[in-house]
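Take a look at the structure set out below.
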Amino acid sequence: QVQLVESGGGLVQAGGSLRLSCAASGRTFSTYAMGWFRQVPGKEREFVAAINWSGTSTPYADSVKGRFIISRDNAKKMVYLQMNSLKPEDTAVYYCAAAPYTTPYGYQYDYWGQGTQVTVSS
């Protein structure tokens, strides 16, 4: 079992930065790949980034490539999403999730956090 709690969301102006954090509990955290997804009301959940257990594989959605950086600290059971050069279209609820392997498909994730709101004003 892995429990996930996101934090770090908020309101930021376009061009600004935010760092999201995801705190995990459970002894098996370091064996899981982790992902970040986002969702806007009325739209499908969207893959943002993922990271494998060792941090050596970090796929990104094209829409955030070069602006967002995913990282993890297995000793602290934390996953981070550094978001730079934010745009109004990045506004969404951001979720972290845990999966047995790195994947962009939400249905393959076993555990989800409750989400944190990110709002980017123009």
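Please give me the summed charge of the neighbours of Glu89: other residues whose Cβ is under 15 Å from its Cβ, Lys and Arg +1, Asp and Glu -1.
+1
Using a simple charge model, +1 on the beta-carbon of Lys and Arg, -1 on the beta-carbon of Asp and Glu, nothing else, what dipole does the chain show about its Cα centre, in debye to the nearest 20?
Dipole about the Cα centre, nearest 20: 240 debye.
Convex hull volume of the Cα atoms in the chain, per residue, in Å³?
89 Å³
Could you tell me which residue out of Ile70, Asn84, Pro59 lies farthest along the dipole of segment 1-105 toward its positive end? Charges go on the beta carbon: Lys and Arg +1, Asp and Glu -1, centred on the Cα centre.
Ile70
Give the lysines reachable from Lys87 as a straight Cα distance under 23 Å; neighbours fewer than 8 places away on the same chain don't count.
Lys43, Lys65
About its Cα centre, how strong a charge dipole does segment 1-71 have in debye, to the nearest 20, once Lys and Arg get +1 and Asp and Glu get -1 at the Cβ?
60 debye
Hey, any idea what % of the chain's accessible area is carbon plus sulfur with a 1.4 Å probe?
Whole-percent figure for carbon plus sulfur exposure: 50.
The values are calculated or read from the model by the stated rules, or taken from the named source; none is laboratory data. Please read these numbers as outputs of a predicted model, since none were measured by experiment. Using ideal geometry, Cβ is built from the backbone for each residue, glycine included, and neighbour counts are taken over all protein chains shown. Areas reflect the complete protein model, heavy atoms only, side chains present, ligands, DNA and RNA absent. Shrake-Rupley method; radii C 1.70, N 1.55, O 1.52, S 1.80 Å.
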